[in-house]
Amino acid sequence: MDALDRKILTELQMDGRLTVTELAARVRLSVSPCHRRVRDLEREGAIRGYRAVVDPAAVGLDFEALVFATLRWEGPDTVTAFEEAVTAIPHVIQAQRIFGEPDYLLRVATADLPAYQQLYDQQLARLPGVQRLTSTLVMKNVIDGRPLPAK
């Protein structure tokens, strides 16, 4: 990957709806080579997809919590069972396995505190292998969805 590929990636992260013509102009390349580079970046997996960034408040999900999950070891399938179960909960919008304790960081979006409490009691607390959950409520997103740096 060279500097021109990085420029293409930067522009597409800022606006994934750019036409190839607009993108080519921004990175100072003719349309055909720009299109070829974008296809190569997609094929190589550098570009994993395109999507709309939705404002949570606009869809009634403006309450956010970070949940730290610590698992108890119940055998070799503990991690797999937890990850499969957490993947099935639509309100968990991000899940990361982390080193040390806790084992996971979950980002959860709900309508409000009562909806979060219901989700916590009925689904999160019942996830397989969970020993402890600790929640932190998000007051404000200062940086959210920032594009990756060029390098």
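The values are calculated or read from the model by the stated rules, or taken from the named source; none is laboratory data. From a predicted model like this one, the values you see are computed outputs, not experimental measurements. For neighbour counting, all protein chains shown are included, and Cβ atoms are generated from backbone atoms with ideal geometry for every residue, glycine included. Accessible surface is based on the protein model in full, side chains and every heavy atom, while ligands, DNA and RNA are left aside. Shrake-Rupley method; radii C 1.70, N 1.55, O 1.52, S 1.80 Å.
In the complete set of protein chains, residue-level accessible area for Thr10 is approximately 50 Å², probe 1.4 angstrom. Shape class of the range 79-151 from the alpha-carbon gyration tensor: oblate, with a/c at 1.5 or above and b/c at least as large as a/b.
Across the protein chains, with a 1.4 Å probe defining accessible surface, the residues Leu41, Leu133 rank Leu133, Leu41 from largest area downward. Ligands, DNA and RNA are left out, and with a 1.4 angstrom probe the accessible area of the chain is 70 Å² per residue.
In the chain, helices alone account for a calculated mean residue ellipticity at 222 nm of -11000 deg cm²/dmol, with every DSSP H run of four or more residues adding -39,500 (n - 2.57).
Within the assembled protein chains, the solvent-accessible surface assigned to Leu18 is about 20 Å², based on a 1.4 Å probe. Each part gets one Cα centre, and for the range 1-57 versus the range 91-151 those centres are 30 Å apart.
In this structure the amide hydrogen of Gln131, modeled in the peptide plane, comes within under 5 Å of the amide hydrogens of Thr70, Leu71, Arg72, none closer than 5 places in sequence on its chain.
Computed from the C-beta positions of Asp112 and Phe68, the FRET efficiency with R₀ = 30 Å rounds to 0.90.
Note on the chain: with a GNM built from Cα contacts shorter than 10 Å, the maximum mean-square fluctuation among Glu44, Glu84, Glu101 falls on Glu44. Would you work out if the range 31-134 is rounded, prolate or oblate? Take a ≥ b ≥ c from the square roots of the eigenvalues of the alpha-carbon gyration tensor; rounded if a/c is under 1.5, else prolate when a/b is larger than b/c, oblate otherwise. Oblate, since a/c reaches 1.5 and b/c is not below a/b. With a 1.4 Å probe rolled over the protein heavy atoms of all chains, the accessible area of Val59, Val27 falls in the order Val59, Val27, largest first.
Computed from label points 7 Å out along Cα-Cβ, the spacing between Thr21 and Ile93 is 3.5 nm. For the range 82-151, the fraction of 1.4 Å probe accessible surface lying on carbon and sulfur atoms is 53 percent. The listed residues Met14, Met139 rank as Met139, Met14 when sorted by accessible area, largest first, using a 1.4 Å probe.
The accessible area of Phe63, taken with all protein chains in place and a 1.4 Å probe, comes to roughly 40 Å².
Stretching Asp77 away from Arg146 to a fully extended chain increases their span by 21.4 nm, per 0.36 nm per residue minus the current alpha-carbon distance.
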